[in-house]
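Chemist: My questions all concern the structure below.
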Amino acid sequence: MKRIKKVLLVGLILTCFCYLINGTAITAFAAGTSKTIEGSVYEFDEKSDYEYSSSEVYASTSGANTYGTFKISGNISNEGKKDNIIAYGINGGSVDFTYSYTDALLNAAADQWHLVEDNGKKIDSLKLDSKIGFGAIILQSSKDCKTWVTDKTITNVFSETPAQSSSFYTTKELQMTNGTFFRLIVVYETGIKTGEKKIGPIKTEQFDYKKNTEIYEFYLYDINSDARSGEVTMTKNLGSVVNTGKDNGYSGSDALTIKDPHYGWTLGQFFVSGYTRETVDPNNSQIPVFLKNVGDEVTLWFNLKQDINQLNGDSKLSINDDSNGYDQYFQTGKTDMGRGTLIIRYTDHQGIAHEPEIYTNYLEANATTSADTIVKFFEEGDYEVALDYEIKNTPRQVVGVEIVPEYTNYRIYFRFSIRNGNCMVYPFDVSTGTELTDEAITPNGFKLDMAKSRYLTIDVQRSVVTEGANGYVEDVRFNRPAKDGDQYVDEGIYTFSVKNLYTGENTTKTIYVGNTGYMRALSVNKISVTELNAQVSQGATIGNDGKLTMPEPTTELESTTEPEPTTTEETSEPESKPEPTAEASSEASEATEPKNESTGTQSTEENIEEGTTEKKSSPAVPVVIGLVAAAGIGGVTMSKRKKKGE
């Protein structure tokens with residue numbers, strides 16, 4: 001119960017949690033939400049040009065009539081303020097903009113306020129390429145809420161029947177990564193019949209007209225990008241500029257000369273950060289490879305070093321709006337490239353080149369002078385990046401009028417690769433989803449997960465084990481390459497060899513599939529088939545759990561005492577015999593002991609050879625000892641002989 005209360009309390013705190021950024025409360029939201037944006041409503045007379053920037057009279061859209069409702073939808077995480085403007089943090093992904101409306105004003109009666117056509121082309125300080133018609137929508141973006149760039153213009157927008165309700169704009173990754181201010185401008189003219197006027201035979205209807213403007217301003221940012229935008233470590237500069245000529249799809253590659261208007265100064269610099277180590281492609285040493293580990297955020301940045309309206313401090317040089325440019329290398333169609341176009345193409349691990357991401361008007365909309373601007377976060381893959389821009393040079397001016405300006409195209413292009421620095425593959429049980437460790441066993445089979453490391457070289461060998469006459473036999477069934485997501489369910493021993501070509505590291509793992517005793521024995525005891533056979537031959541038995549049990553050692557008790565003799569002589573009393581006489585003892589002694597012939601006394605033989613005397617026992621001595629021993633054993637007694645004369 002206590003644990004349930006804690007979980008409920010944590011959930012309540014997370015649901016109601018508010019935190020502060022820049023001193024303003026931030027409210028958290030559930031993912032995948034939609035928010036109605038509130039704005040300001042202005043009214044102007046029919047002769048105006050919707051001059052909202054200079055007007056101080058307006059009403060809130062929440063309490064005034066608007067043509068429609070403006071909403072944004074996405075993974076909105078929280079709400080707060082940025083420079084006193086409503087700000088929404090997005091937890092990844094893009095945001096869709098929708099302005100929903102009905103055709104009520106379009107089809108209203110003349111004596112009611114109804115939509116009328118506006119033939120003008122000016123909205124405040126903006127000049128449009130076409131007439132406003134039955135309403136216009138202009139979307140602008142800004143990095144600092146001061147300099148605004150027009151991203152989308154739709155004229156005659158409310159003439160459509162049925163009503164418009166689909167998304168008219170989706171944010172770009174660059175905008176979300178760096179955080180962007182947006183401004184939506186909605187303008188339309190309405191009229192109402194106030195009466196009739198008769199001039200002679202001609203009747204004319206009298207109308208009042210007004211011009212309406214709705215302004216919505218807000219700030220969007222990716223909360224993940226915002227949290228890590230300051231982590232600029234391990235950097236590497238990339239790319240250099242070349243002169244590509246003029247109107248040739250940025251296909252030239254001439255070096256800058258001293259006569260070139262771009263000579264001697266740099267527009268900006270691309271650099272990569274957040275990697276762990278740098279190496280090179282094994283097949284092309286000119287392509288840098290950045291290795292990343294878990295938690296690394298490899299990021300491409302751009303630092304704009306110039307004022308694009310006054311390059312290198314020269315008022316005659318500026319970035320031009322290339323209204324009809326294209327990139328031949330990436331095979332893009334002709335389009336309004338704006339003031340610099342950034343192109344990024346990704347090639348995946350299968351060698352498939354994806355459609356390039358194109359960011360037109362990049363220098364004006366997405367880069368701030370002297371600031372490091374995030375371009376993109378990268379995962380594994382190969383990348384090509386190009387920044388195409390056109391420089392306008394006006395060396396000849398008369399009274400402020402440009403005389404035959406000159407245009408030159410330039411390009412910064414580079415390639416790089418991102419690789420995971422690990423050398424691991426993760427096997428998971430196909431039934432339970434549990435990760436299997438090295439030398440684990442599963443009866444269900446398993447599948448491989450490379451954890452998004454797409455560039456590892458993996459080979460797998462499968463062996464089966466059978467029981468033969470001489471023990472268990474391991475037989476290799478296949479040895480082949482493996483790939484992410486492969487499944488293996490047949491019984492056997494699977495050995496994986498993983499190699500990272502960029503680090504030179506190798507990893508080997510073994511997984512057992514099956515449910516037999518000997519397969520469990522191999523896994524539990526972490527032994528080979530040969531080692532298992534050796535233990536079984538020594539009498540080991542395999543338990544149901546795979547554990548090996550050796551037999552108890554058996555030893556025979558050995559006797560350390562000799563059996564006692566059972567002769568009758570030792571067990572019976574000896575017969576009584578007469579004591580030997582002195583004469584008999586003497587005769588026996590004389591018969592058994594040798595005498596020295598020269599002295600007539602008993603002695604040992606002396607053998608003198610080269611001054612060395614070696615004494616040897618008389619051969620008669622052991623004989624006598626033997627006879628005495630024999631006589632003793634047999635219970636025989638001898639009498640001593642008496643000497644002559646006694």
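Chemist: Could you tell me which residue out of Ala371, His349, Ile418 lies farthest along the dipole of the stretch 303-441 toward its positive end? Charges go on the beta carbon: Lys and Arg +1, Asp and Glu -1, centred on the Cα centre.
Modeler: Sorting the options by dipole projection puts first Ala371.
Chemist: Something else about it: DSSP loop (so not H, G, I, E, B), at most 11 other Cβ within 10 Å: list which chymotrypsin sites (Phe, Trp or Tyr not before Pro) in the stretch 316-349 pass both filters.
Modeler: On the way: sites: Tyr326, Tyr329, Phe330, Tyr346; in loops: Tyr326, Tyr329, Phe330.
When the chymotrypsin sites (Phe, Trp or Tyr not before Pro) of the stretch 316-349 are filtered for loop state and at most 11 Cβ neighbours within 10 Å, nothing remains.
Chemist: Which part of the stretch 506-521 falls in the paramagnetic zone of Thr434, meaning amide N under 11 Å from the point 7 Å along Cα-to-beta-carbon?
Modeler: Once the point is set 7 Å along Cα→Cβ of Thr434, nothing inside the stretch 506-521 turns out to lie under 11 Å by backbone N.
Chemist: What list of ³J(HN,Hα) values in whole Hz, one per residue of the stretch 288-296 in order, does the Karplus curve 6.51 cos²θ - 1.76 cosθ + 1.60 (θ = phi - 60°) give from phi, with Gly and Pro shown as x?
Modeler: Those phi angles translate into x, 10, 9, 8, 10, 10, 4, x, 6 Hz.
Chemist: Now a separate question. Let me check I've understood the local charge: for Ser94, count other residues with C-beta under 14 angstrom from its C-beta, Lys and Arg +1, Asp and Glu -1. What total comes out? It would help to have the intermediate numbers written out before the result.
Modeler: Values: positive: Lys172, Lys376; negative: Asp96, Asp151, Glu173, Asp222, Glu357.
Within the 14 Å Cβ shell, the charges total -3.
Chemist: Using a 10 Å cut-off on Cβ atoms, rank the peptides 264-273, 510-519 from the highest mean neighbour count down. Display every interim value, and only then the final one.
Modeler: Working: 264-273: 17.7, 510-519: 19.5.
Highest mean packing first, the order is 510-519, 264-273.
Chemist: Determine ³J(HN,Hα), in whole Hz, for all residues of the stretch 353-368 in sequence, where each value follows from phi through the Karplus function 6.51 cos²θ - 1.76 cosθ + 1.60 and θ = phi - 60°; x replaces Gly and Pro.
Modeler: So the Karplus estimates, Gly and Pro as x, are 7, 7, 4, x, 8, 10, 10, 6, 6, 4, 5, 7, 8, 10, 10, 10 Hz.
Chemist: At a Förster radius of 30 Å, what calculated FRET efficiency corresponds to the Cβ-Cβ distance of Glu474 and Leu501, to the nearest 0.05?
Modeler: 0.50
Chemist: At a 10 angstrom cut-off on C-beta neighbours, averaged per residue, how do the peptides 437-448, 363-374 rank from highest to lowest? Write out the running numbers ahead of the final one.
Modeler: Numbers: 437-448: 17.0, 363-374: 18.6.
Per-residue Cβ counts within 10 Å, averaged per peptide and sorted highest first, yield 363-374, 437-448.
Chemist: What nm value, rounded to one decimal, do you get for the distance between Val404 and Thr147 when each label is placed 7 Å out toward the C-beta?
Modeler: About 3.1 nm, to one decimal.
Chemist: In terms of modelled amide H atoms, which long-range or inter-chain residues lie less than 5 Å from the amide H of Gly268?
Modeler: Placed amide hydrogens put Lys305 under 5 Å from Gly268.
Chemist: Something else now. HN-Hα J couplings of the stretch 147-160 from phi, Karplus 6.51/-1.76/1.60, θ = phi - 60°, integer Hz, Gly and Pro as x?
Modeler: These are the phi-based 3J(HN,Hα) values: 9, 10, 10, 7, 9, 7, 10, 10, 9, 6, 5, 8, 7, 6 Hz.
Chemist: Across the stretch 426-549, how many lysine pairs, 8 or more apart or on two chains, come within less than 17 Å at their alpha-carbon atoms?
Modeler: Going through the stretch 426-549 pair by pair, I get 9.
Chemist: Can you give the net charge of the other residues whose Cβ lies under 13 Å from the Cβ of Ala540, counting K and R as +1 and D and E as -1?
Modeler: On the way: positive: Lys547; negative: Glu531, Glu552.
Taking every other residue near Ala540 into account, the sum is -1.
Chemist: If amide H atoms are built 1.01 Å from N in the plane of the peptide, which residues on other chains or at least 5 residues away come under 5 Å of the amide H of Gly325?
Modeler: When sequence neighbours closer than 5 places are left aside, the close amide H contacts are Thr335, Met337.
Chemist: Under 5 Å between amide H atoms, partner at least 5 residues away or on a different chain: which partners does Thr33 have, H built in plane at 1.01 Å?
Modeler: Gly74, Ile76
Chemist: For the stretch 176-259, state which trypsin sites (Lys or Arg not before Pro) are in a DSSP loop and have at most 15 other beta carbons lying within 10 Å of their beta carbon.
Modeler: Lys246, Lys259
Chemist: How much net charge surrounds Trp265 when only other residues with a Cβ under 13 Å from its Cβ are counted (Lys, Arg +1; Asp, Glu -1)?
Modeler: Values: positive: Lys305; negative: Asp260, Asp307, Asp314.
Neighbourhood net charge equals -2.
Chemist: Determine, for Tyr209, Tyr275, Tyr216, the number of other Cβ atoms within 10 Å of each Cβ, and report the residues in order from fewest to most. Intermediate results must be reported in sequence, preceding the final value.
Modeler: Working: Tyr209 14, Tyr275 25, Tyr216 21.
In order of increasing Cβ crowding within 10 Å: Tyr209, Tyr216, Tyr275.
Values quoted throughout were computed directly from the atomic coordinates according to the rules given, and no laboratory measurement underlies them. Because the structure is a prediction, the values reported are computed rather than measured. Cβ sites come from the backbone with ideal geometry, for glycine too, and all protein chains shown count toward neighbours.
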